[in-house]
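Okay, structure first, notes after.
Each value in this text was obtained by applying a stated rule to the coordinates, not by laboratory testing. If you're wondering where the values come from, they're calculated on a predicted model, not measured in any experiment. Cβ placement follows ideal geometry from the backbone for every residue including glycine, while neighbour counts extend to all protein chains displayed.
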Amino acid sequence: MIGKSIKVKKRWVWTVIALTIVAAILFHPTWTPSLKGVNSISVLESLTVNEAEHTVMIRGENRDNPILLFVHGGPGSSEIPYVRKYQDLLEKHFTIVHYDQRGSGKSYRFFEDYSELTSDLLVSDLLELTEQVKARLGQERVILAGHSFGTYIGMKAAAQSPESFSAYIGIGQVGDNHASEQDSFAYVLERAKAANAGADISKLEQLRPFVESGEQMTPRSLIRKYGGAARLIDDNGDYYEGFLLNPEYNGLDMLRYVRGIARTQNGLLAEESAHPLPELVQELAIPCYFVMGEHDYMTSVDSAQAYFELLAAPKKEFILYENSAHYPQFEEEERFAKWMTDTFIESDRIESL
């Protein structure tokens with residue numbers, strides 16, 4: 001009886017230890033590391049935007065530097081878990097704002113209904129958040145940068161409220177969704193044939209009629225496999241590393257991230273497919289820059305180029321990064337930071353002389 005009692009106690013001890021570890025993983029406090037400088041800013045906080053809680057990360061070595069506001073893609077793919085890895089150079093010259101969109105990442109609420117979530121609501125959130133950020137930092141200058149699906153939201157916001165922004169940057173810019181998917185499919189099939197990958201070829205041929213009709217997208221797993229997502233970074237690996245090692249997310253936030261994608265992505269992608277951006281926005285009243293990786297087949301370069309050609313703007317520029325795919329701002333981090341500084345810092349100094 002004594003031996004049995006000891007075994008029971010040991011089980012309870014190990015159960016308590018296991019539950020403590022799980023609780024620590026799920027609920028540990030989250031933050032973003034501080035930056036040096038008396039006027040620096042490094043905050044990870046929750047803001048109420050259009051009656052919904054949004055998590056916002058603001059970082060910069062001088063809060064008086066121009067505001068650079070990023071709109072993440074996915075839909076649902078927050079970049080807060082890992083993005084610090086790629087923005088230390090930018091933090092020297094810009095005050096950088098990232099936020100988890102409604103229903104995404106840390107902004108996901110488990111018991112909220114997202115079945116009616118639309119890009120128009122996300123645009124409204126973005127515009128309200130922009131005003132709150134400007135008031136918080138005491139600035140009127142905001143450079144808007146969208147990435148991937150974030151460009152769908154960003155372009156619509158810039159067209160709707162050009163007075164809110166000084167410029168728009170589309171990274172991995174979406175254009176005509178159907179045309180982009182045809183480019184992606186052709187690229188992946190060509191690479192699969194070159195690799196003599198029978199299983200991939202068979203899978204693609206089965207999907208061909210559905211991709212051609214617009215019912216399905218080219219499998220993202222195959223685009224990644226054949227270098228159409230990233231060339232110089234491991235984009236999925238960055239997420240795993242960020243989730244496990246960085247302090248901005250805890251275990252519960254990881255669950256929010258996964259659940260948010262499952263609940264919101266299909267509906268928003270269907271909206272993008274039904275209402276392509278070139279049909280919605282043909283003109284911007286602010287300077288516009290498309291930054292594309294030459295090997296991008298998540299959002300194809302040709303589709304973005306075609307959209308760029310029809311778009312009217314007071315100033316526009318198409319910048320191609322020859323060594324990158326869908327993440328030129330990360331894959332060629334130094335080049336992107338220099339371009340940002342030359343375009344938005346040095347040019348302003350020259351004009352002010």
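Rounded to the nearest 5, what % of the DSSP beta bridges within the range 41-352 are antiparallel ones?
Working: 13 of 38 bridges.
Roughly 35 percent of the beta bridges in the range 41-352 run antiparallel, per DSSP.
Using only Cα atoms, locate the centre of the range 159-221 and the centre of the range 89-147, then give the distance between them in Å, rounded to an integer.
26
Quick one: net charge of Thr55's neighbours, Cβ under 13 Å, K/R +1, D/E -1?
-3
Taking only DSSP H segments of four or more residues, each worth -39500 (n - 2.57), what value at 222 nm results for the chain once the sum is divided by all its residues, to the nearest 500 deg cm²/dmol? The partial results should precede the final answer.
Working: 13 runs with 165 residues, N = 353.
Helices in the chain give a 222 nm mean residue ellipticity of -14500 deg cm²/dmol.
State the extension gain, in nm to one decimal, for the chain segment bounded by Glu241 and Gln132, taking 0.36 nm per residue of separation less the distance between their alpha-carbons.
My answer for the length gained is 36.1 nm.
By per-residue mean of other Cβ atoms within 10 Å, what is the highest-first order of 30-43, 125-138?
125-138, 30-43
Whole-Hz ³J(HN,Hα) for each residue in the range 283-292, computed from phi via Karplus 6.51 cos²θ - 1.76 cosθ + 1.60 with θ = phi - 60°, x for glycine and proline: what do you get?
8, 10, 9, 10, x, 10, 10, 9, 10, 10
Where in the range 74-113 does the amide nitrogen come within less than 17 Å of the point 7 Å from the Cα of Ala270, taken along Cα to Cβ?
75-76, 113
Hey, any idea what Rg/Rh is for the chain, computing Rh the Kirkwood way over Cα pairs?
1.02
Once you order the gyration tensor axes a ≥ b ≥ c over the Cα atoms, which shape class does the range 69-228 get: rounded for a/c under 1.5, otherwise prolate or oblate by comparing a/b with b/c?
On the way: a/c = 2.26, a/b = 1.92, b/c = 1.18.
Here the range 69-228 falls in the prolate category.
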